[in-house]
Amino acid sequence: RETEYQEEEEGGGGGQEAQAGQALIATLATGWWPRQPASRYSMTIKEKLQSDLLEAVRKRDETRRSALRLLKASIQYEEKAKGRDLQDNETVEVLSREAKKRRESIDAFRKANRSDLVDKEEVELAIVSEYLPEQLSREEVTLLARNVISEIGALGPDDRGKVMGKLM
């Protein structure tokens with residue numbers, strides 16, 4: 001133990017902790033850092049939104065930039081309200097509400113003959129839709145419902161609860 005103290009005073013070895021620290025510094029200096037393989041890592045919706053926002057800023061795409069900023073602000077507002085980061089499914093809920101707002105605005109602007117605002121809202125709706133999961137088509141929903149009805153053996157409207165429970 002005395003030799004370690006002497007080495008430290010002389011500027012030498014410094015023990016295991018110092019060696020571990022030097023090894024870490026050497027590792028960081030080489031640029032190597034352990035990461036998960038790319039196949040395992042997928043971006044969250046918020047991460048994708050942020051990277052797309054930075055890309056829109058770089059490309060000077062004003063429409064896309066403003067729409068993405070509004071989405072990001074809505075997500076941050078919800079996070080503050082809940083007091084924690086949102087999971088992807090909660091983020092999808094926020095984005096779904098934003099899409100619904102855009103659809104309602106499009107209907108209102110059409111009734112008011114404001115084609116300029118309709119176009120703006122349609123572009124924003126298209127941007128929001130990029131971050132939402134793909135929706136099933138009417139035919140796919142019908143096929144799923146028929147399969148569940150035959151599986152359960154539903155006979156009429158009284159069995160609707162059983163069918164809906166299984167579909168959800």
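The values are calculated or read from the model by the stated rules, or taken from the named source; none is laboratory data. Here the structure is a predicted model, which means the values were calculated and not measured. A quick note on method: Cβ atoms are made from the backbone with ideal geometry, for glycine too, and the neighbour counts reach across all protein chains shown. Side chains included, ligands, DNA and RNA excluded: accessible areas come from the protein's heavy atoms. Shrake-Rupley method; radii C 1.70, N 1.55, O 1.52, S 1.80 Å.
With no solvent and one point on each alpha carbon, what is the Debye value of log10 I(q)/I(0) for the stretch 91-140 at q = 0.19, 0.29 Å⁻¹?
For the stretch 91-140, the Cα-only Debye profile gives -0.65, -1.01.
One quarter of the convex hull surface, Cα atoms only: what value does that give for the stretch 41-116 in nm²?
6.3 nm²
Suppose each label sits 7 Å from its Cα in the direction of the beta carbon; what would the Lys72-Leu144 distance come out to in nanometres?
Computed distance between label sites Lys72 and Leu144 equals 3.3 nm.
With a probe of 1.4 Å, find how much accessible area the stretch 87-164 has per residue, and write the answer as a whole number in Å².
73 Å²
Label Ser137 and Glu104 with points 7 Å out from Cα along Cα→Cβ: what is the distance between them in nm?
Placing both labels 7 Å beyond Cα along the Cβ direction yields 3.0 nm.
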